[in-house]
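Participant: Structure in C-alpha cells, see below.
The values are calculated or read from the model by the stated rules, or taken from the named source; none is laboratory data. Values in this document were obtained by computation on a predicted structure and should not be read as measured data. All Cβ positions, even for glycine, are placed from backbone atoms using ideal geometry, and neighbour counts span all protein chains on display.
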C-alpha cells in the first residue's frame, strides 16, 4: 500500500497525533457491537429496565431466548453487561459506564421506577 507524501508535514503530524488519544481501535470494536440492531435493542432494554431475565428480554425484543442468550454472552464477554443469579433466574444489567452514556446520547431512557437506582 502506497503512502501519500504530505503537503504540510507538520499539519499531517499534528493530525496523526490525535489518533493515539482517541483509542480508534477500541471505539471501532464498540461501534461494531453497536451496529447490530438486535444487540442494540437488548442494550436499550437493559438500560431502561435493569435486572431483567432472558425470557423477559426475549419477550421485549421479540426474539427467541436462545438468540437473546447468545447476544448476552457476547456482551458479557466484552464487559458490557453483568449477570446475577436470583434463585434459578439469571438477571442482566449494564456494566459499562461508557455504553450507558452512549445509550443516553441516542435517546435511551430509564423506566420511572429505576431512576433512583441507576446512574443518569
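Participant: What are the residues in region 87-114 that are within 26 Å of residue 29 (Cα to Cα), assigned to a helix (DSSP H, G or I) and more than 15 Å from the chain's Cα centre (by Cα), if any?
Facilitator: none
Participant: Out of all the residues in region 23-36, is one or more surrounded by 11 or more Cβ atoms within 10 Å (Cβ to Cβ), within 21 Å of residue 78 (Cβ to Cβ), touching a helix residue (DSSP H, G or I) at 6+ places or on another chain (Cβ under 7 Å) and at pLDDT 95 or above? Please lay out each step first, then the result.
Facilitator: Of the residues in region 23-36, the ones surrounded by 11 or more Cβ atoms within 10 Å (Cβ to Cβ) are 23-24, 27, 29-30, 33-34, 36.
Within this subset, residues satisfying the condition of being within 21 Å of residue 78 (Cβ to Cβ) are 23-24, 27, 29-30, 33-34, 36.
Checking the rest, the ones that are also touching a helix residue (DSSP H, G or I) at 6+ places or on another chain (Cβ under 7 Å) come to 33-34.
Filter once more, so that each one left must be at pLDDT 95 or above: none.
Within region 23-36, not a single residue is surrounded by 11 or more Cβ atoms within 10 Å (Cβ to Cβ), within 21 Å of residue 78 (Cβ to Cβ), touching a helix residue (DSSP H, G or I) at 6+ places or on another chain (Cβ under 7 Å) and at pLDDT 95 or above.
Participant: Residue 90: in contact with a strand residue (DSSP E or B) (Cβ under 6 Å, 6 or more places away or on another chain), surrounded by 12 or more Cβ atoms within 10 Å (Cβ to Cβ) and without any contact (Cβ under 8 Å) to a residue 40 or more places away in the chain, yes or no?
Facilitator: Spelling it out, residue 90 is indeed in contact with a strand residue (DSSP E or B) (Cβ under 6 Å, 6 or more places away or on another chain), surrounded by 12 or more Cβ atoms within 10 Å (Cβ to Cβ) and without any contact (Cβ under 8 Å) to a residue 40 or more places away in the chain.
Participant: Next question, about the same structure. Might you check whether a residue that is within 16 Å of the chain's Cα centre (by Cα), outside any helix (DSSP H, G or I) and within 21 Å of residue 34 (Cβ to Cβ) occurs anywhere in region 67-77?
Facilitator: No.
Participant: Looking at this structure, is residue 84 without any contact (Cβ under 8 Å) to a residue 40 or more places away in the chain, in a helix (DSSP H, G or I), surrounded by fewer than 12 Cβ atoms within 10 Å (Cβ to Cβ) and more than 12 Å from the chain's Cα centre (by Cα)?
Facilitator: Here the answer is no, as residue 84 does not meet what is asked.
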